[in-house]
Structures are given as structure tokens and as C-alpha cells.
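See structure below.
The values are calculated or read from the model by the stated rules, or taken from the named source; none is laboratory data. Since we're looking at a predicted model, the values are computed, not measured. Positions of Cβ are backbone-derived with ideal geometry, glycine not excepted, and every protein chain shown enters the neighbour counts.
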Amino acid sequence: MGKQGQTVKEVWSESDIDYLVKNYRFWKKEINRLERVLYGGSSAMGSWGVAQYGIDAAMPKGSSIRSAEELKRMDVRERGQIERLEKLRTYVYALEIAYNLIEDEQLTTIYDCLLDGMTYRQIAEHLSASKDYVRLKKQIIFSQISQNSQVSTILTYEKFAV
């Protein structure tokens, strides 16, 4: 994800998805930390990216984070923290959406274990399978995620400065 004028990554490879999954737990903790620093508490992730319908969808909305005037008064570090928070929220949200796109129950279990930070050995013991089996299934999962247009759309979404 780049700043204005930079190119935005449009194709997410399996290795990109692997990087995102490996950092998922850290990013969840970092999101909570940044929310505490910026807002004094954390917000529920269930409200991120929630679609609105009817009259709510048609009504104008203000910034969900800070107004333009507040952003002008903020120091450089705070603005950077807000941008970083939004980027990390996007990554975490995309990974959690991907969870619902996996149809096979065993693949869902493996993906869930990977997000929890379990090693191949731990996952293999949990499934009563081999590490090679887990590695193969992980490649299938990451291939499905990287080819999914919904996940790509979320990951390539770029919000320009307010």
C-alpha cells in the first residue's frame, strides 16, 4: 500500500499472503496499542467495513476517525500512527474475511491454526497428519486467498488523505 502518487499493489501472491498471516497476531496487538494511544481504548473489529442499507447508506458521513481540522492540529507522529492503524486494520480485516471464504472444514482449521501462530508440527499433531500434509494444504489455502477478488479488493483499497 503506497502513498498518493505511488503505485498500489494490485496482485497479492501466495508469499504476500504468507507474510500477512505470519504477522497477523502481532498486528492485532499493535492495533490495540495504537487505539489505546490515539483514542484511549480499542474499538470492536466487528464494525470495520460493515455495509449500511436504506437511509443510513444515503446519508452523508463524517470521518470515522478525526475531522480535517483535528488532523491539521495533530503532530506528524500522530498522523503517522493513524495512517499505520488504518493500514494494519485493512490487513487484519482482509485475513479475517478470507477465513469465511475457505469452504473445506479441514482447510479452515489449518488456516485458523496458522493465524493463531501454530507451527507445522503443532498443526500436524492437532490433525493427526504429517508436516508435509500441512505444508501442502497451506499452499492450497494461500493460493485460494491470493486468487480471491474480494480479498484483493480489500488489500488494494487505499484511502487518500482526508
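Here the helices (runs of 4 or more DSSP H) wholly within region 1-90 that include at least 2 residues being modelled with pLDDT of 80 or more and closer than 30 Å to Ile140 by Cβ are 14-39. A Cβ distance below 7 Å, combined with a sequence gap of six or more or placement on separate chains, defines the contacts here; from region 93-113, residues that are closer than 15 Å to Arg135 by Cβ reach residues that are aromatic (Phe, Trp, Tyr) and part of a helix (DSSP H, G or I) in the pairs Tyr111/Tyr99. As for region 92-101, it holds at least one residue that is modelled with pLDDT of 90 or more, closer than 17 Å to Arg33 by Cβ and not in a loop (DSSP other than H, G, I, E, B). The conditions of being assigned to a helix (DSSP H, G or I), in contact with a Lys or Arg (Cβ under 6 Å, 6 or more places away or on another chain) and at negative phi are met by Ala124.
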